[in-house]
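Working notes for the structure below.
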Amino acid sequence: MSITSQKILFLAAQHDTMRRMKKKLKILTYGCQMNVADSERMSGLLQQIGYTLTDDFDAADLILINTCCVRATAEDKVFGQIGRFKALKRIKPSLIIGVAGCMAQKEGANLIKRAPHVDFVLGTGQSSEVARVVKSLERERKHFVDVSNVSGDIPAEVFPIRNGQVSTFVPIMYGCNNFCTYCIVPYVRGRERSRKPEEIFAEVNQAVAEGFKEITLLGQNVNSYAGGMTFAELLSAVDKLGVERLRFMTSHPKDLSDELIAAIANGQHICEHIHLPVQYGSDKILRRMNRVYTVEKYLRLVEKIRAAIPNVSLTTDLIVGFPGETDADFTETLEFLRAVKFDAAFTFIYSKRSGTPAATFENQIDDETKHRRLDLLMKVQNEISLAKNLALVNSIEEVLVEGASKTDEKIFTGRTRSNKLVLFAHGDECAGDLIRVKITQAQTFLVKGEVVD
């Protein structure tokens, strides 16, 4: 081939690359941290075919909605957002609109029937196919739906486009085997599959090299990690890879091991915070939820954790209004809260999910009772959270700086190792710095302090 021909081919390829690099992707993520990690991976795959991220819907050539269906409110938000894109598609017919994630897995082709302006639907087991699907749609516009392979192979390794500046997520496993009666996750995420340790180590090393100071290892139940070592062994190994702070979530109480407690207690960079979802505080409701442990067993586990890690912060999830819940059950839960004294609790009203056993249970609770009980539950927990934070006043805490407050650029925010949100007056601190802060004030959901030299 002549030099001239080579130059023409080079220029043509360069022009094609420039054309492709002008393509813009807007990605919306709903739901849990695993969805955030999935979106970052899909962004990485789409970057390989020429898409760059944008915050401008009008400029987007591709809008991808990564969805959640754990609660009805999450689905309502997604449908509302999809509806708003109909007018945008009418103005810009070349716009590609895709829906991925748990709601896509659950609804499948029904999404297309309900919103024909959506071009493709990809289930949770097909997220690694997003670039191939989009390239196909660029050539020929037609509807595409694939919600097969829900428990298929772990997604191909890619370089995620990480959204954070200081903290990031690294999935260690996918799926869930627990089948709690209220939960849709095993049906839309599939059975548990664990990543190989070397893949996890490589991604952690990559994140550290990119400058991330805090990494959270993710799984629906990290305690059941089965990649050739125990989760405690994996956590201890990652602790040695140079990350400043190491977190994990979520742990199922039924199999949080003594080995894991020891790994946290003896770790150098493993943060003293455990999110341990209890869901309810009465044995009757726990049985109906298929949680496999009792209140007594949970309380013994808490005692064991606090004995080994005295400064540990414990947080949890709680559901009110579960089918069959009585006033007596709810009173037991309030007593349970006062006994455990969680640092914080994420509280939810039970949301009926079609396809789960609890959706067919008798004695569904009316909305008025649900909201009344939720208000009482939050009142008790907020009092406990405030007392926990007041106990920190005058202490000096290590804080990882996250950046400026959303409401005041003169105030910076950060988090302690125990995951407490801290506000302080900004000096010369930068996001990612580890600083010492003396706590001077306490509120229910945060503390305030002054930077100590």
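Can you tell me the relative contact order of region 201-318? Whole percent, Cα pairs under 8 Å, sequence separation 6 or more.
24
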*Projected-area mean, region 332-379, by convex hull of Cα positions, square nanometres*: 4.2
_Probe 1.4 Å - accessible area at Tyr174, Å² to nearest ten_ = 10
*When the solvent-accessible surface of protein heavy atoms is calculated with a 1.4 angstrom probe, in what order do Phe85, Phe445, Phe201 fall, highest first?*
Phe445, Phe201, Phe85
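Cβ under 9 Å from Val150's Cβ, Val150 left aside: what net charge do those residues give with Lys, Arg +1 and Asp, Glu -1?
Taking every Cβ under 9 Å from that of Val150, the sum is +2.
Determine the calculated [θ] at 222 nm for the chain from helices alone, applying -39500 (n - 2.57) to every DSSP H run no shorter than 4 residues and normalising by the residue count; nearest 500 deg cm²/dmol.
Values: 14 runs with 169 residues, N = 453.
Value at 222 nm, helices only, nearest 500: -11500 deg cm²/dmol.
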*Measure nothing fancy, just the Cα-based angle from helix 295-308's long axis to the longest principal axis of the chain, in degrees from 0 to 90, nearest 10.*
90
*asked:* Can you give the log10 of the normalised intensity I(q)/I(0) at q = 0.20, 0.23, 0.34, 0.35 Å⁻¹, computed with Debye over equal Cα scatterers of region 38-77?
replied: -0.72, -0.84, -1.14, -1.17
_Let me check the size of region 126-229 from its C-alpha atoms; what are the radius of gyration and Dmax in Å?_
16.0, 46
_Dipole of the chain, positive direction: furthest Cα of Ala265, Ile435, Val147, with charges on the beta-carbon_ = Val147
*In Å, what is the Rg of the alpha-carbon atoms in the chain, and how long is Dmax?*
23.8, 87
*asked:* Can you give me the C-alpha center-to-center distance between region 118-138 and region 166-232, rounded to a whole angstrom?
replied: 23
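Can you give the local net charge around Thr315? Use residues other than it whose beta-carbon is closer than 14 angstrom to its beta-carbon, Lys and Arg +1, Asp and Glu -1. Show your work: numbers first, answer last.
Working: positive: Arg247, Arg306, Lys341, Lys388, Arg415, Arg417, Lys420; negative: Glu272, Asp317, Asp343.
So the environment of Thr315 carries a net charge of +4.
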*Please compute P(r) over all alpha-carbon pairs of region 172-240, binned at 10 Å starting from zero, and give each bin as a whole-number percent.*
20, 46, 26, 8, 0
_Give the lysines reachable from Lys23 as a straight Cα distance under 26 Å; neighbours fewer than 8 places away on the same chain don't count._
Lys7, Lys86, Lys89, Lys92, Lys135, Lys142
*Which residues in region 249-285 place their backbone N less than 17 Å from a point set 7 Å from the Cα of Ser395 along the Cα-to-Cβ direction?*
265, 270-275
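Provide the gained length on full extension for the span Ser148 to Ser354, in nm with one decimal, where the gain is 0.36 nm per separating residue minus the Cα-Cα distance.
Working: separation 206, 0.36 × 206 = 74.16 nm, distance 1.90 nm.
Stretched fully, the Ser148-Ser354 segment lengthens by 72.3 nm.
Residue separation times 0.36 nm, minus the C-alpha to C-alpha distance between Arg84 and Arg338: what's the value?
Values: separation 254, 0.36 × 254 = 91.44 nm, distance 4.46 nm.
Extra length from Arg84 to Arg338 when fully extended: 87.0 nm.
The values are calculated or read from the model by the stated rules, or taken from the named source; none is laboratory data. This one's a predicted model, so the numbers in the text were calculated from it and none came from an experiment. Ideal geometry is used to build each Cβ from the backbone, glycine not excepted, and the neighbour counts take in all protein chains shown. Ligands, DNA and RNA are stripped out before the accessible areas are found, and what is left, the full protein with its side chains, is counted by its heavy atoms. Shrake-Rupley method; radii C 1.70, N 1.55, O 1.52, S 1.80 Å.
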